[in-house]
Every structure is written in structure tokens, then in C-alpha cells.
Amino acid sequence: MKIKFIGAAKEVTGSCFVIETDKARFAVDCGMHQGGAEIEKRNWDVDVYNPAKIDFFLITHAHIDHSGLLPRMVQNGFRGPVYATEPTGELIKILLLDSAHIQETEANWKMKKMQRYGKLEKILPLYSTKDAEAVGPLIKTKTYNETFSPANGIKANFQDAGHILGAAILELFIEENGTSTKLIFSGDIGRRHQLLMKDPITLNEADYLFMESTYGDRNHKGEADSLNEMAEAIKYSYSRGEKVIIPAFAVERTQEMLYSLYLLNRDGKLPKDMPVLLDSPLAIKATEIFRRYRSYLDGETQSLLKKGEDPLDLPQLQFSSSTEQSMQINDMKGSAIVISASGMANAGRIKHHLRHNLWRPGASIVFVGFQAEGTPGRKIVDGAKTIRIFNEDIAIKAKIWTINGFSAHAGQSQLLEWLGNFQNKKMPVFLVHGELAAQEQLASMIRQKLGFDVTIPEYLEEIRIKAGTQPEELKQPQAVKQPVSLSPLLADLKAKIDYINDQMGKIQSLPESRQAEVLDLLRKANLNIDEIKPRL
């Protein structure tokens, strides 16, 4: 069989692995690429997927970086089933509709902007609400540990990954040319002892393993330390009369934040007069799905629910569903906790809250999840002094908190511990869903401590595998990245600076208001160039 890495190859988004056997062509996950403009261009490249020739999808969990391109596949000819666990099926439907709304809104905004410049180009969204709605009827749900056969010679089984509600580790059993091969795709492996979720299932046998490596280079803080740090952030901004802004993924991270605030409130560490505002219609809907599937939650949560306690509720919790309610939050005086999506601050209502609070010295911005390369969240975490939001440069004066102890991903030592359960030391391990630096560090430790053969695949790399043999790399285009050539761009930039210098006399003769416009544009260009320095 052949496997092609169409995403999550030296990156943390865009998970998709296309598998071709002698009887079927299918894919594990169908995630959206997120990050910088160059990475996100991959979402438009339908040819590498060939959706009309994909027989079915197996989705490990609902997060957009694992499911977000399903409407794009339907839009371009995919008509087969989409297999997922029951909660994942429910969550996918609301997440895709929200994503489609964002795509449509941004396309309309870009088109209006072009029209203001006199350009009448039509800008289409990546996909529409209609495309997202078309995914729903294709979803076929399964329970954990329910082996099923999506095609002749193929059996699949979802096991609890302990990551988010309904997240799965996928076991695949493939019969081909009289040979049986077992593949395991880890999906995203959960952090042990996290709130709400059960611990991930451990497995011990496979012929090939495709394992996530998001936090392959570090461990997380303990749960108690993370709660204490959250309490410090709240105290810091409450004492200054400012807001605590928490960018949080609508699924799992928002619910874990509510649970954490419930615990802080119980322990007297959350001010009674400090409103907690959940500003995300999607997160509100997702929270209701969590309540419906309580059997998927861990024993401690189920015990609280049986006692009549709701760890996803607070006396001061308020829901913000409408746009008007969301706008009112930024007109509020005094301190409050605002939980809003998206978790990487690259879309949705959180951008408005950052615009209104990043420049306030007493405010807190609390990041509680992974920030992919190129996202606004990553730029802020990496120490940017300003960030551009809605075409405006915002100074970053708020206190920035990064609390990775809330992550739904296993840390380095937990990944090693999970992998250490496998008995077949000849099993090739492919590290996916991670940035290269983290993957290289994890790969080195796996080789030294556990003795597995480890490969870090390239984007669009294709391999052929067969049980008992080493993977064979197939020749294919675009697998090797070409180095970026900056010379033409730098030459063009220098020519423009020389031109401005030559025009200084003319600029100084302009009316004062026109000179101020030129100065403002040059300042913005200078700030953009300054953004390069932290990345070198």
C-alpha cells in the first residue's frame, strides 16, 4: 500500500494521510492548514487530494486542523462516508458551519476592500455554508472499540485518545495480497490527568505507527501549578480593574477553562464580582454537546454531575451569543474574564477583544493552547511589540501569560511513556503533527531511550509499506522544499527606498497633512520589517 503525507508533515496543522491499497483509496483526517499565508495556500490545492477518488475518510477528532477541509472535499466531488466517533460527528457539524461562516465573512470583507480601491474582482470563500451542510449526511458514527469494515480488506477501530471529547487513536487492519498489516494513527494524544477527559488508551502492537509530536520538545507544568498561575493572572488584572482575555479553542479548551474557573471559585480564588463571559456561540453549542455525552467524560466529572454539581457552570458565568452582546463586552468598565475563540487568535471574536485590550498595561492575555507558526497568537507569545489586527498596528502592553499545563496534548515524557508500551521494536515510527525542532528532539530521545527507527516525513512525501519490511520512499514532486530566494525582493525594496530618498524635496513641499500620511505609511513599513528580527 502507499501512504501520502498531505499535511501535518513538519507542521502542526493540516492533518491528512491518503492511503491507497489494492482495493480502496481513503484518508485519515482532513485538516485545514493554518498559519502564515504561504501555508494556508495549501487549502486551495485540491489536486493533491483528488477528492472524487477518495472512497472514505476516517476522522480522529473534530478540531479544524483534523476535519476543516471536509467541505472543500465535498465541494470538489467527494461523496463517500466520513467515519468518526459519536461526539466527533456532532462536533464536526457545528465546527464546519462556524468555519464556513468565517470563510464567507472574510471573502466578503476582502471583496469590499478591493471594491473601495476600484477593483471589481469576485473573491470566493474557501468553501460555503452549503458545502459545510453537505458534510453532515455523510457522517457515520461509531463507538470506541467497535471494529468496523469501511471497505473490503480493511478494518478500523477507534480507541480513546484522551485528547478532546470523542477523540480517537485509530487502529487500521489492512489485508493486501495475502498479507495483513496493522497501522496505528495516534491522532492527538491527550495529556494524562487533564480535566474532563479520560487518560489515553495504551496500545502495544502495530507494524507501523504514525504518532503526533506537538510537544516533542518539552513537558507541561503540573495541573496545580497551572491553576495557580491562572489565579495569578486573574489577581493581576482584577487589582488593576482590567480584563483577562483567554483565546481558547471552542472545543475542549473552553470547557477545561470553565472547569478550572469552577475549581478556583470553589477554592475562593475567583472574585465573586468578576464576570466570566463566554463569548463564542460555537463554544456555547460545544459545551451542550459535552453535557450530552457525559459517558465519554472521566470518572471525577461524572461523579460531580451525579451529585448535581456542574463543573461547566459558575454563578457569574454569562453567555454572549449575538454580535451586539460581544461588542458590549468591550464597552464594559471594570475587570472581567473573557473566553473567546479562536485559540490561536487568527479568526473570530477574539481578534476584537485583543484589539481592545492588548495595549492596556493592566490587562492579561492568557494563552492556554498551542500556537502554530505564523499565527497572531504565536507572534504575541514570541514577544512581538506590536501586532496588526484589522489593518491597525496594536501595541502590546498587556501582560502575556503562556500556561501550557492546560494543553490537551501529551508532553514529551508522556509521549515517550505512551510509545514505550509497544513491544515490536522493529516497528517504524513516523513523527507527524509537530514542528521540525520539536520532532528532531523527540526523534533523538526515541532512538536513544526506546530503540525505534524514526522518520520525519516531508510535505507530500509518499511511501510504500508492507508488514515486515522497511518503508520504501517513492519518488514524487514537491517533496523537497526549495530554499526561499530573497534577493529579488530585497533588490525591489532597496529600489523603492532609493526612490523615496530621491523624492525627499517633493515630499517636504507637500501640505502638512499629506506629509503626515507619507510618514505614517513609512512607519508601518518600518514596523513590518521589525517583525522579521525575532524570527532570525
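Derivation of every value follows stated rules applied to the coordinates shown; laboratory data play no part. Remember, it's a predicted structure, so these values are computed and weren't measured experimentally. All Cβ positions, even for glycine, are placed from backbone atoms using ideal geometry, and neighbour counts span all protein chains on display.
For a paramagnetic label modelled on K397 (point 7 Å from Cα along Cα→Cβ), amide N atoms under 19 Å away belong, within segment 316-338, to 330-336.
For segment 398-465, the relative contact order comes to 31 percent (Cα pairs under 8 Å, sequence separation of at least 6). When you work out D = kT/(6 pi eta Rh) for segment 488-535 at 37 °C and 0.692 mPa s, using the Kirkwood radius from C-alpha pairs as Rh and the Stokes-Einstein form, the result is 272 µm²/s.
Set the Cα radius of gyration of segment 1-45 against 2.2 N^0.38 Å, with N its number of residues, and you get 1.24. In a reduced charge model with +1 at each Lys and Arg Cβ and -1 at each Asp and Glu Cβ, segment 488-535 shows a dipole moment near 120 debye about its Cα centre.
To two decimal places, what compactness ratio does segment 223-406 give when its Cα radius of gyration is scaled by 2.2 N^0.38 Å? All intermediate terms of the calculation are to be shown ahead of the outcome.
Values: Rg = 15.7 Å, N = 184, 2.2 N^0.38 = 16.0 Å.
Working it through for segment 223-406, the quotient is 0.99.
Note down the Stokes-Einstein diffusion coefficient of segment 359-496 in µm²/s, whole number, using a Kirkwood radius over alpha carbon pairs, 25 °C, and 0.890 mPa s. Could you put the intermediate results ahead of the total?
On the way: Rh = 19.2 Å.
Roughly 127 µm²/s, to the nearest whole number.
Candidate cross-link partners of K285 among the aspartates and glutamates, defined by an alpha-carbon separation under 17 Å and a same-chain spacing of 8 or more, comprise E86, E90, D98, E133, E252, E256, D310, D313. Cβ crowding within 10 Å, taken as a proxy for footprinting-reagent exposure, orders C30, C16 from fewest neighbours to most as C16, C30.
Using Cα pairs under 8 angstrom and six or more residues apart, how large is the relative contact order of segment 223-406, in percent? Provide the component values of the computation, followed by the final result.
Details: 321 pairs, mean separation 60.2, N = 184.
Relative contact order comes out at 33 percent.
Taking 26 Å as the limit for the C-alpha separation, the pairs K198/K235; K426/K449; K53/K466; K351/K385 exceed it in the case of K198/K235. If the Kirkwood radius is taken over C-alpha pairs of segment 167-251, then at 10 °C and 1.306 mPa s the Stokes-Einstein diffusion coefficient equals 95 µm²/s. Taking the fewest neighbouring Cβ atoms within 10 Å as the starting point, the ordered list for V454, V46, V368 is V46, V454, V368.
Ordering F148, F367 by the number of other Cβ atoms within 10 Å of each residue's own Cβ, fewest first, gives F148, F367.
Let me have the relative contact order for the chain, percent, based on Cα pairs under 8 Å that are six or more residues apart. Mind showing how you got there, number by number?
On the way: 1078 pairs, mean separation 89.6, N = 536.
The value is 17 percent.
For K140, the residues whose modelled amide H falls within less than 5 Å of its own, excluding neighbours fewer than 5 places apart on the same chain, are V82, Y83, A84.
When the chain is fully extended, how far beyond the present Cα-Cα distance does Q325 get from W109, taking 0.36 nm per residue of separation?
Details: separation 216, 0.36 × 216 = 77.76 nm, distance 2.15 nm.
Taking Q325 through W109 to full extension adds about 75.6 nm, to one decimal.
Couplings 3J(HN,Hα) of segment 342-357, computed from phi: 9, x, 9, 6, 9, 6, x, 5, 4, 4, 5, 5, 5, 4, 8, 10 Hz, in residue order, whole Hz [Karplus 6.51 cos²θ - 1.76 cosθ + 1.60, θ = phi - 60°; x for Gly and Pro].
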